[in-house]
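Undergrad: A single structure is presented below for examination.
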Amino acid sequence: MGAETTRAVGVDIGGTGIKGGIVDLQTGSLVSDRIKVATPDGGRPKDVLTAVKEVLATLGVTDADTMPLGVAFPAIIKHGRTLSAANVSQKWVGFEAEKFFEEGLGRSIHFANDADVAGVAEVRYGAAKGQEGLTILTTLGTGIGSAMIHNGMLIPNSELGHLQRAKHKHDAEAWAAYSAVERESLSWEKWADRLQWYYSYLEFLFSPDLFVVGGGVSKHADEFLSLLKLNTKIIPAVHRNNAGIIGAAALAAD
């Protein structure tokens with residue numbers, strides 16, 4: 001990060017909304033309003049690009065020379081190509097997304113997975129700041145997103161929500177994401193039983209030094225985290241719905 005770069009723009013593309021803001025890179029805080037527009041029905045590339053342009057125009061940062069721009073997206077991303085698609089059009093699968101956005105916006109961007117950038121936000125400015133060793137951030141929402149960060153270095157595209165459950169048809173996120181609580185009217189205690197299995201499994205596989213739990217439900221962390229019995233410390237995320245914006249901006253400025 002150049003010494004002269006003190007602000008950057010982050011845009012977080014989700015299945016229901018596209019959010020953006022200007023971030024102070026020293027504090028990891030928003031220095032603008034958080035702008036949000038609905039993700040267009042179907043989530044097709046051309047329509048999503050139009051919505052991103054609307055967010056940037058509202059922020060007044062359409063000029064490529066204004067400040068760095070990071071874009072977070074709900075997909076596995078490798079060399080700028082989206083290899084999956086969560087709650088957006090299947091047209092994104094195998095799509096040259098980073099190139100598409102750069103050509104459409106007329107500027108270079110940093111393009112990354114949405115859970116990965118949330119993890120970066122928590123390590124640099126949030127719950128995991130100063131943490132050594134391996135931090136695993138999980139976002140509990142419609143699915144389970146994940147980010148693995150070792151001594152400050154991101155290990156991208158971990159997709160730990162898709163761990164398979166032996167002798168079951170559905171993966172971890174279908175059983176233990178917050179959407180299961182809403183779908184099956186689970187109590188905090190019954191959901192915690194599922195989370196206990198999930199985090200114990202992660203603990204066994206990776207021996208992490210810290211778990212950080214993000215997503216909107218993290219504001220209710222007192223209701224369920226205290227019910228878990230783990231050897232690894234587990235704490236709620238700090239930035240919640242702004243984490244994607246902040247992490248995307250931080251990576252863009254690197």
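Each value in this text was obtained by applying a stated rule to the coordinates, not by laboratory testing. Not measured: the values here are computed from a predicted model.
Undergrad: What list of ³J(HN,Hα) couplings, whole Hz, do you get for the range 245-254 from phi and the Karplus terms 6.51, -1.76, 1.60, once you set θ to phi - 60° and write x for glycine and proline?
TA: Values, residue by residue: 5, 5, x, 5, 5, 5, 5, 5, 7, 5 Hz.
Undergrad: Hey, another quick one. With θ set to phi - 60° and the Karplus curve 6.51 cos²θ - 1.76 cosθ + 1.60, what are the ³J(HN,Hα) couplings of the range 136-141 in order, to the nearest whole Hz, using x for Gly and Pro?
TA: So the Karplus estimates, Gly and Pro as x, are 10, 9, 10, 9, 9, x Hz.
Undergrad: Just to check I understand the Karplus step: with θ = phi - 60° and J = 6.51 cos²θ - 1.76 cosθ + 1.60, what whole-Hz values come out for the range 56-66, glycine and proline as x?
TA: Per-residue couplings from phi come out as 5, 5, 5, 6, x, 10, 7, 6, 4, 8, 5 Hz.
Undergrad: Per DSSP H run of at least 4 residues, take -39500 (n - 2.57); add these up for the chain, divide by its residues and hand me the 222 nm value, nearest 500 deg cm²/dmol.
TA: Numbers: 8 runs with 82 residues, N = 254.
Computed ellipticity for the chain at 222 nm equals -9500 deg cm²/dmol.
Undergrad: Continuing with this model, one more query. Quick one: check the C-alpha center-to-center distance for the range 12-41 versus the range 73-110, whole angstrom.
TA: When both Cα centres are located, 17 Å separates them.
Undergrad: Return the single residue from 87, 242, 157 with maximal mean-square fluctuation; model: Gaussian network over the chain, springs between Cα atoms under 10 Å.
TA: 87
Undergrad: Measure nothing but the geometry: give the 0 to 90° angle between the long axis through the Cα atoms of 114-125 and the longest principal axis through the Cα atoms of the chain, rounded to 10°.
TA: Roughly 90 degrees, rounded to the nearest 10.
Undergrad: Relative contact order for the chain: what is it in percent, counting Cα pairs under 8 Å that are at least 6 residues apart? Please report the intermediate quantities before stating the final value.
TA: Numbers: 547 pairs, mean separation 57.5, N = 254.
Taking the mean separation of contacting Cα pairs over the length of the chain, I get 23 percent.
Undergrad: Under a 10 Å cutoff between Cα atoms, tell me which one of 169, 53, 219 has the largest fluctuation in the Gaussian network model of the chain.
TA: Per the Cα network of the chain with a 10 Å cutoff, 169 tops the list.
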